[in-house]
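Colleague: The structure under discussion is supplied below as structure tokens; questions concerning it will follow.
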């Protein structure tokens, strides 16, 4: 779609395929799209159906590259799904404000959206972003929604913490903490993580000052650290 200069809405108009189905085809949910649907999308894009997929070399010498490609694909799918989920939950006024920021950032002052089309416009803009840009936006949205809708109050808490992801041990420092999660400063390591990765932490409890072991998952990734959601409240 990016190569052909088509938006979700324009492809919808050309094919009659629902916009939500097109959005699914842009993620790991493409596996649930029927061949007839993919054939219509491919025809409108003037490509073959196989051009809608990334080919992976399964030869033994290329297995590490295969793993890297698959991990990256899964990562962008997880980030995209979380972004769309957050956008869908936002109020109409918040969506409008976010679109204004998008327009300013993307330098599209001429883009005017009716209220009914704001959600579609936001999703189209997200689909045009790189993985890095989507991660940054997810971080911004998590921070924004957290300031007004966070389930648990978060307070500043600076303490060393050891944590492991994918059986690799790391060391960082907590910046703030709540009953439901923690933000860990981990400069230089964030490129090793993906949203959704499982994580095990050993940290000093802010009240008892005793070290506790707690598990969770990476909820969002910023340039200088990661936001962690606990499996159980602290």
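The values are calculated or read from the model by the stated rules, or taken from the named source; none is laboratory data. What you are looking at is a predicted structure, and each value in this text was computed from that prediction instead of being measured. Virtual Cβ from ideal backbone geometry, glycine too; neighbours counted across all protein chains shown.
Colleague: Identify the residue in the stretch 2-28 that is in contact (Cβ under 8 Å) with a residue 60 or more places away in the chain and in a helix (DSSP H, G or I) and, among all such residues, is nearest to residue 134 (Cα to Cα).
Modeller: Of everything passing the filter in the stretch 2-28, 23 is nearest to residue 134 (Cα to Cα).
Colleague: Same structure, new question: Just for strands (runs of 3 or more DSSP E) wholly inside the stretch 189-234: which have at least 2 residues that are assigned by TED's automatic domain parsing to the domain that holds residue 177, closer than 18 Å to residue 166 by Cβ and without any contact (Cβ under 8 Å) to a residue 40 or more places away in the chain?
Modeller: Of the strands (runs of 3 or more DSSP E) lying wholly inside the stretch 189-234, those with at least 2 residues that are assigned by TED's automatic domain parsing to the domain that holds residue 177, closer than 18 Å to residue 166 by Cβ and without any contact (Cβ under 8 Å) to a residue 40 or more places away in the chain span 198-204, 211-221.
Colleague: A further question follows. Restricting attention to the stretch 181-192, report how many residues are surrounded by fewer than 20 Cβ atoms within 10 Å (Cβ to Cβ) and at pLDDT 85 or above.
Modeller: So the answer is 1.
Colleague: Looking at residue 41, is it surrounded by 14 or more Cβ atoms within 10 Å (Cβ to Cβ) and within 23 Å of the chain's Cα centre (by Cα)?
Modeller: no
Colleague: With respect to residue 215, determine if the residue is out of contact with any strand residue (DSSP E or B) (no Cβ under 9 Å at 6 or more places or on another chain) and either at pLDDT 80 or above or over 26 Å from residue 90 (Cβ atoms) (or both).
Modeller: For residue 215, the condition - out of contact with any strand residue (DSSP E or B) (no Cβ under 9 Å at 6 or more places or on another chain) and either at pLDDT 80 or above or over 26 Å from residue 90 (Cβ atoms) (or both) - is not met.
Colleague: Residue 170 is checked against (1) loosely packed, with under 14 Cβ neighbours inside 10 Å; (2) within 27 Å of residue 77 (Cβ to Cβ); (3) over 22 Å from the mean Cα position of the chain (by Cα) and fails just one. What number does that condition carry?
Modeller: Residue 170 satisfies every listed condition except (1).
Colleague: If residue 221 satisfies every condition in (1) in contact with a strand residue (DSSP E or B) (Cβ under 6 Å, 6 or more places away or on another chain); (2) within 22 Å of residue 76 (Cα to Cα); (3) crowded, with 19+ Cβ neighbours inside 10 Å but one, which is the exception?
Modeller: With respect to (1) in contact with a strand residue (DSSP E or B) (Cβ under 6 Å, 6 or more places away or on another chain); (2) within 22 Å of residue 76 (Cα to Cα); (3) crowded, with 19+ Cβ neighbours inside 10 Å, residue 221 is out only on (1).
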